[in-house]
Amino acid sequence: MFIPDGSVDPTRFCHRPVIAEDGETLGKTLRRFQVQGIAPDDDVIDQDIILVWGRSPRIITGADILGRLLRRIAEPIASPAAVRSR
């Protein structure tokens, strides 16, 4: 399409999700994540999307998981409206 000689494989640039069945636990699914580090100290999970395939299909991202982990750790910031009403 963009490269006329076909020397580029576009699937190399696609995000490949982990597909979980409806009854599979999140803990079991997270163990299927893989790190493909370029350098020895590179531990970033590049492909961090889970497709939950079942009665209620969902997409769970790495940001969703991090948000849940930090929910009880991070200090919530009061909204400006709540501060003004004090």
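General remarks:
- Matching residues in the range 42-60 - criterion: being modelled with pLDDT of 85 or more, surrounded by 13 or more Cβ atoms within 10 Å (Cβ to Cβ) and part of a loop (DSSP other than H, G, I, E, B): Asp48
- Pick from the range 28-41, criterion modelled with pLDDT of 85 or more and closer than 23 Å to Phe13 by Cβ, ranking: farthest from the chain's Cα centre (by Cα): Arg32
- Residue check: Ala63 meets all listed conditions (1) part of a helix (DSSP H, G or I); (2) in contact with a helix residue (DSSP H, G or I) (Cβ under 6 Å, 6 or more places away or on another chain) but one, namely (2).
- Tally, over the range 11-41, of residues that are over 23 Å from Ile60 (Cβ atoms) and either of a type in the set (S, T, N, Q) or surrounded by 10 or more Cβ atoms within 10 Å (Cβ to Cβ) (or both): 0
The values are calculated or read from the model by the stated rules, or taken from the named source; none is laboratory data. On a predicted model such as this, the values are computed, not experimentally measured, just so you know. Don't worry about glycine lacking a Cβ; one is built from the backbone with ideal geometry, like all the others, and counts go over all protein chains shown.
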